[in-house]
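The values are calculated or read from the model by the stated rules, or taken from the named source; none is laboratory data. On a predicted model such as this, the values are computed, not experimentally measured, just so you know. Because the Cβ atoms are built from the backbone with ideal geometry, glycine has one as well, and the counts that use them run over all protein chains shown.
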Amino acid sequence: MSLKNKTLFISGGSRGIGEAIALRAARDGANVVLAAKTETPHPKLPGTIFSVAKAIEAAGGQALPLKVDIREDAQVFAAVEQAAQAFGGIDILVNNASAINLTGTLDTPMRRFDLMFGVNVRGTFLCSQACLPHLLKAANPHILTLAPPLNMDPKWFGPHVAYTMAKYGMSQCVLGMAEEFKGRVAINALWPRTVIHTAALAMIPGVDPERCRTPEIMADAVHAVLSAPIAQRSGRFLIDEEVLREVGVSDFDRYAVKPGMPLLPDLFL
């Protein structure tokens, strides 16, 4: 199935995985709403909502760039209404925005704790809450959240308990909402098998970019999930490589930053 004429509301999206997801949908002719904070160029990070919007339109889609802090209720609800009015509804929500800080308890400033919980947990819940009334009216509606499989093994908590709690909060949104809206909206999580080469790598000490994959693997996996009928799966914690194998992809070298290099597994796997 194609995402042609589907309307995607993507939190984040001014760079990295979110941008790759947006461009993949655009190649189908989708309408892409970019709800992100980066309105002007960052001194250290590439991309703004406007530069990505231009790339979306060049790829064949329609773009609506909106400056949104997804921690703020009024901004999120206003952006969702603007998106629905512009495109006649919302078919898909991608909870892509996330904050990361891989520090232990004594080294985690509370402002970073609050940022992670505000963006990751509150932002995911808020965007879902705001989009759901529109999704419930759509044909084949999806929520896809970039969150890891839930795993209570202490090894995932010890090194960075605050970050783990914040990411698992996103995963719990998937688990609970999939049950709540069973049969009406497909709600799933997606997580990469390997570390993805994005600007967030700067937050992970000692990672060799040449042992990573590019964001395009996540974009292709997202496309496969979102273009499937909602009856196919919901409440699932999916892995990018497994999703792509299911649709016949066997050559994963094309996603490697440097083919042939051993790949680094991502956190929580």
* To do: Residue by residue through segment 252-269, note down the ones that are of a type in the set (A, V, I, L, M, F, W, C) and either at positive phi or over 23 Å from the mean Cα position of the chain (by Cα) (or both).
  => Met261, Phe268
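Return yes when Val94 is surrounded by 18 or more Cβ atoms within 10 Å (Cβ to Cβ) and of a type in the set (Val, Ile, Thr) and no when it is not. Please lay out each step first, then the result.
Working: surrounded by 18 or more Cβ atoms within 10 Å (Cβ to Cβ): yes; of a type in the set (Val, Ile, Thr): yes.
Judged against the criteria, Val94 is a match.
The rows are residues; the columns are (1) of a type in the set (Lys, Arg); (2) loosely packed, with under 14 Cβ neighbours inside 10 Å; (3) within 13 Å of the chain's Cα centre (by Cα).
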residue: Glu179; (1), (2), (3): no, yes, no
residue: Lys182; (1), (2), (3): yes, yes, no
residue: Ala186; (1), (2), (3): no, no, no
residue: Ala189; (1), (2), (3): no, no, yes
residue: Gly206; (1), (2), (3): no, yes, no
residue: Glu216; (1), (2), (3): no, no, yes
residue: His223; (1), (2), (3): no, no, yes
* Qualifying residue in segment 100-113 (condition: under 28 Å from Ala74 (Cα atoms), crowded, with 20+ Cβ neighbours inside 10 Å and at pLDDT 95 or above) -> no
* **segment 226-248 residues that are in contact (Cβ under 8 Å) with a residue 60 or more places away in the chain and in a helix (DSSP H, G or I), paired with ones that are surrounded by 15 or more Cβ atoms within 10 Å (Cβ to Cβ) and aliphatic (A, V, I, L, M) (beta carbon under 7 Å, 6 or more apart)** => Leu226/Leu3; Leu226/Ile92; Leu226/Leu144; Ile230/Val185; Ile230/Ala186
* Give the residue, chosen from Ala178, Ala138, that is in a loop (DSSP other than H, G, I, E, B) and not polar (S, T, N, Q). => Ala138
* Structure fact -> Taking segment 69-83 and keeping residues under 20 Å from the mean Cα position of the chain (by Cα) and in a helix (DSSP H, G or I) leaves Asp73, Gln75, Val76, Phe77, Ala79, Val80, Ala83
* Return only the number of the condition from (1) modelled with pLDDT of 95 or more; (2) surrounded by fewer than 21 Cβ atoms within 10 Å (Cβ to Cβ) that Leu201 does not satisfy. => (1)
* To do: Please find, within segment 140-177, the residue that is surrounded by the most Cβ atoms within 10 Å (Cβ to Cβ) out of those that are in contact with a strand residue (DSSP E or B) (Cβ under 7 Å, 6 or more places away or on another chain) and hydroxyl-bearing (Ser, Thr, Tyr).
  => Thr145
* **Residues satisfying the stated conditions in segment 84-127, i.e. outside any helix (DSSP H, G or I) and without any contact (Cβ under 8 Å) to a residue 12 or more places away in the chain** => Pro109
* Does Gly118 meet the test of being in contact with a Lys or Arg (Cβ under 6 Å, 6 or more places away or on another chain) and either among the β-branched types (Val, Ile, Thr) or at pLDDT 95 or above (or both)? -> yes
* So which pairs qualify, if the first residue must be in segment 50-67 and farther than 14 Å from Asp28 by Cβ, the second must be among the β-branched types (Val, Ile, Thr) and part of a strand (DSSP E or B), the Cβ gap must be under 6 Å, and the two must be at least 6 apart or on different chains? -> Leu64/Val33
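Take Ala22 and decide whether it is at pLDDT 95 or above, assigned to a strand (DSSP E or B), buried (at least 24 other Cβ atoms within 10 Å of the Cβ) and under 13 Å from the mean Cα position of the chain (by Cα).
On the way: at pLDDT 95 or above: yes; assigned to a strand (DSSP E or B): no; buried (at least 24 other Cβ atoms within 10 Å of the Cβ): yes; under 13 Å from the mean Cα position of the chain (by Cα): yes.
Criteria not met by Ala22.
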